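Take a look at the structure set out below.
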Amino acid sequence: MTLPEAAGLLLAGIARLITGAQGHWLGSPPKAEQRIYFANHQSHFDWVLIWAALPGDLRAITRPIAARDYWTSSKLKHWITREVFNAVYVSRTRTKDAFGVGADDEDPLEPLMEALRNGDSLVIFPEGTRGHQAEPAPFKAGLYRLAEAFPEVQLIPTWIDNVQRVMPKGEVVPVPILCSVTFGAPLTLAPGEDKRVFLDRARAAVIALREVH
Amino acid sequence: MGALRELTVSQQIGLLFVALFGLLTAVTVVAFSRTLRDRGDEDLAKRAQFKRDLRAVWAGSMLFWVAWVAGGIVSTLLFGVMSFLALREFVTLTHTRRGDHRSLLLAFFVVLPLQYVIVAGRNFNLFTVFIPVYVFLAIPVVSAFGNDPQRFLERTAKIQWGIMVCVYGMSHAPALLLLDLPDYRARGAFLVLWLVLVVALAQIAQEVATRRLRRRPAARAISRSFSWRAWGIGALAAALAGGLLYWITPFKPIPALLMGAVAGGSGTLGEFVMKALKRDAGVRNWGGKLSVTGAVGLLDRVAPLCFAAPVFFHSVRWYFNL
């Protein structure tokens, strides 16, 4: 076993000890198909929780998205996201800096598209930022664009329950409270469906999973 | 029983485990052979329940075996882990707010380990007062610094209650292992096993009695099955079993009978209180599909022990004037 694998197992173990990280598969079996999981976002812990809830063979092919500026800022952060989680790095802003250089012309979705072309599965949080309301914020357009570009990839709505109690914003140490991750039935983009309609439908599919347990 | 008494302590305990695992294996084999036959749906649900229960008994027995093989310290640690999991389940289903974060951290990462360290150190006087006195005062202080007055009393009370049941109650089981009783050295494992058996039997007897008797429930809104007569039958069964097994305890037959009644009766009452708590939280099982989070239902299984252990522990200490 390599060091990143061991670190991955350790992290999954900690996540399970603290949250139980129960995965409920309702509507889509845990199969190694190419998928985009889209979930509500409330805490830094969200990704680890989804990852721990996935069976071992799915973990290897499922990748998170990480903001390049934050997750490459220190050696440890960079190592964890690169070696353990095999994250897809994205630049957060399209705006140029004061000197007119930066990730100017690159589409921020391009790294995701490339990962999908390679056959990897992704976990995305379409709200764009961590919310602290009961309901998730409106979804950003990225999900729609990925669905348009990759119609053959399954879109799995995912609801993460209770995690905001484990680590509220501003706290560092997590409290042991049981959480669950519910995976719903795949969603497909209807031909000619409007962007806003689709995004609202996707958001509703995520929220609907809160009720079924 | 004379021949049995002449064996050394570890031989006796070994024999006990051989008997226990033999019995479990037999039950499992029979249960498995019956699954090969086809049955109806209703039967299937019942069998799934039985399978879960059987697995829990296996897990529990393995736990005891490991505890015995590894000695007092490791078994204390094992009970500590159980405490942790039970408290995790309890806290999940109670309503806490942001301001409670620090108190919860205190409960999980300071109070719980400390309590078990105190048990392992056989510091029984401190162990008895640590949570009821010191933690009782410390938790509201930390919660108050959370700067959130909304439902303050309710939130604090819930955390304290969780600690009392899941940590304080549970920690009395390993304390039995470490208790220095006259002429009963190194046999604490027997006492714990006796307690668990008696409590489990009281539960089963009460369950069966409820089904047979169909008495009017004593508190319908809380439990549709609990009746005083069924409770009495449960306690009686515990007393009889306790009396019959007196030879593995440090008691004489009649005190063993009484101790059995006390342990069994308090265990089933604890189960009853837990039902009220579950109703309050809006779930029927701590675990299973109905709850928010898919807990494993550990709390359901250990709650009677959490209630019976402290009562029993102090009865023992009082009986032997320790």
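Report yes if some residue within the stretch A:123-134 is modelled with pLDDT of 90 or more and aliphatic (A, V, I, L, M); otherwise report no.
So far as the stretch A:123-134 goes, yes, one or more of its residues are modelled with pLDDT of 90 or more and aliphatic (A, V, I, L, M).
Within the stretch B:45-93, which residues are more than 10 Å from chain A (Cβ to nearest Cβ), over 20 Å from B:LEU16 (Cβ atoms) and surrounded by fewer than 18 Cβ atoms within 10 Å (Cβ to Cβ)?
The answer is B:ALA45, B:LYS46, B:ARG47, B:ALA48, B:GLN49, B:PHE50, B:LYS51, B:ARG52, B:ASP53, B:ARG55, B:ILE73, B:LEU77.
Can B:PHE109 be described as more than 30 Å from B:PHE17 (Cα to Cα), without any contact (Cβ under 8 Å) to a residue 40 or more places away in the chain and within 14 Å of chain A (Cβ to nearest Cβ)? Give the derivation first.
On the way: more than 30 Å from B:PHE17 (Cα to Cα): yes; without any contact (Cβ under 8 Å) to a residue 40 or more places away in the chain: yes; within 14 Å of chain A (Cβ to nearest Cβ): yes.
Answer is yes for this residue.
Report every pair of residues separated by at least 6 positions or lying on different chains whose Cβ atoms are under 7 Å apart, first residue within the stretch B:257-280 and over 18 Å from B:LEU240 (Cα atoms) and in a helix (DSSP H, G or I), second aliphatic (A, V, I, L, M) and at pLDDT below 85.
Note: pairs meeting the criteria are B:LYS275/B:ILE222; B:ALA276/B:ILE222; B:ARG279/B:ILE222.
Yes/no matrix, rows are residues, columns are (1) in contact with a Ser or Thr (Cβ under 7 Å, 6 or more places away or on another chain); (2) of a type in the set (A, V, I, L, M, F, W, C):
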residue	(1), (2)
A:PHE125	no, yes
A:GLY128	no, no
A:PRO157	no, no
A:VAL166	yes, yes
A:ARG196	no, no
A:ALA205	no, yes
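Among (1) under 20 Å from A:GLN22 (Cα atoms); (2) in contact with a helix residue (DSSP H, G or I) (Cβ under 6 Å, 6 or more places away or on another chain), there is one condition B:LEU78 misses while meeting the rest; what is its number?
(1)
Find the strands (runs of 3 or more DSSP E) located wholly in the stretch A:1-79 whose residues include 1 or more that are touching a residue at least 12 places away in the same chain (Cβ under 8 Å) and either surrounded by fewer than 13 Cβ atoms within 10 Å (Cβ to Cβ) or among the β-branched types (Val, Ile, Thr) (or both), and list them.
The qualifying strands (runs of 3 or more DSSP E) are A:35-39, A:62-67.
Matching residues to (1) surrounded by fewer than 20 Cβ atoms within 10 Å (Cβ to Cβ); (2) among the small types (Gly, Ala, Ser); (3) at pLDDT below 90:
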residue	(1), (2), (3)
B:ARG220	yes, no, yes
B:LEU236	yes, no, no
B:GLU271	no, no, yes
B:GLY287	yes, yes, yes
B:ARG301	no, no, yes
B:PRO304	no, no, yes
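Name the strands (runs of 3 or more DSSP E) wholly inside the stretch A:104-213 in which the number of residues that are within 14 Å of chain B (Cβ to nearest Cβ) and out of contact with any Cys (no Cβ under 7 Å at 6 or more places or on another chain) is 3 or more.
In the stretch A:104-213, the matching strands (runs of 3 or more DSSP E) lie at A:180-183.
When you go through B:GLY232, B:GLY270 one by one, which is the residue that is closer than 24 Å to B:GLY169 by Cα, outside the structural domain of B:CYS166 (by TED's automatic domain parsing) and in contact with a Cys (Cβ under 8 Å, 6 or more places away or on another chain)?
Unique residue meeting the criteria: B:GLY270.
Can you find a residue that is out of contact with any Asp or Glu (no Cβ under 8 Å at 6 or more places or on another chain) and either away from chain A (no Cβ under 14 Å) or free of Cβ contacts under 8 Å to residues at least 12 places away in the same chain (or both) anywhere in the stretch B:94-103?
So far as the stretch B:94-103 goes, no, none of its residues is out of contact with any Asp or Glu (no Cβ under 8 Å at 6 or more places or on another chain) and either away from chain A (no Cβ under 14 Å) or free of Cβ contacts under 8 Å to residues at least 12 places away in the same chain (or both).
Name every residue in the stretch B:236-252 that is without any contact (Cβ under 8 Å) to a residue 12 or more places away in the chain and under 16 Å from B:PHE312 (Cα atoms), in order of residue number. Give the steps one after another, and end with the answer.
Taking the stretch B:236-252 and keeping what is without any contact (Cβ under 8 Å) to a residue 12 or more places away in the chain, we get B:244, B:246, B:252.
Across the stretch B:236-252, the qualifying residues are B:TYR246, B:LYS252.
Which condition breaks for B:ILE222 when tested against (1) of a type in the set (A, V, I, L, M); (2) touching a residue at least 12 places away in the same chain (Cβ under 8 Å); (3) assigned to a helix (DSSP H, G or I); (4) under 24 Å from B:LEU298 (Cα atoms)?
(3)
Those residues that are within 23 Å of A:GLN164 (Cα to Cα), surrounded by fewer than 16 Cβ atoms within 10 Å (Cβ to Cβ) and either within 13 Å of chain A (Cβ to nearest Cβ) or in contact (Cβ under 8 Å) with a residue 24 or more places away in the chain (or both), I need them from the stretch B:112-153; list them, please.
B:PHE145, B:ASN147, B:ASP148, B:GLN150, B:ARG151 - these are the residues of the stretch B:112-153 that are within 23 Å of A:GLN164 (Cα to Cα), surrounded by fewer than 16 Cβ atoms within 10 Å (Cβ to Cβ) and either within 13 Å of chain A (Cβ to nearest Cβ) or in contact (Cβ under 8 Å) with a residue 24 or more places away in the chain (or both).
Suppose the filter is touching a Gly at 6+ places or on another chain (Cβ under 6 Å) and assigned to a helix (DSSP H, G or I); does B:LEU197 pass it?
Details: touching a Gly at 6+ places or on another chain (Cβ under 6 Å): no; assigned to a helix (DSSP H, G or I): yes.
It is false that B:LEU197 is touching a Gly at 6+ places or on another chain (Cβ under 6 Å) and assigned to a helix (DSSP H, G or I).
The values are calculated or read from the model by the stated rules, or taken from the named source; none is laboratory data. The model shown is predicted, which means the values in this text are computed figures rather than measured ones. Note that each Cβ is placed from the backbone with ideal geometry, even for glycine, and that neighbours are counted across all protein chains shown.
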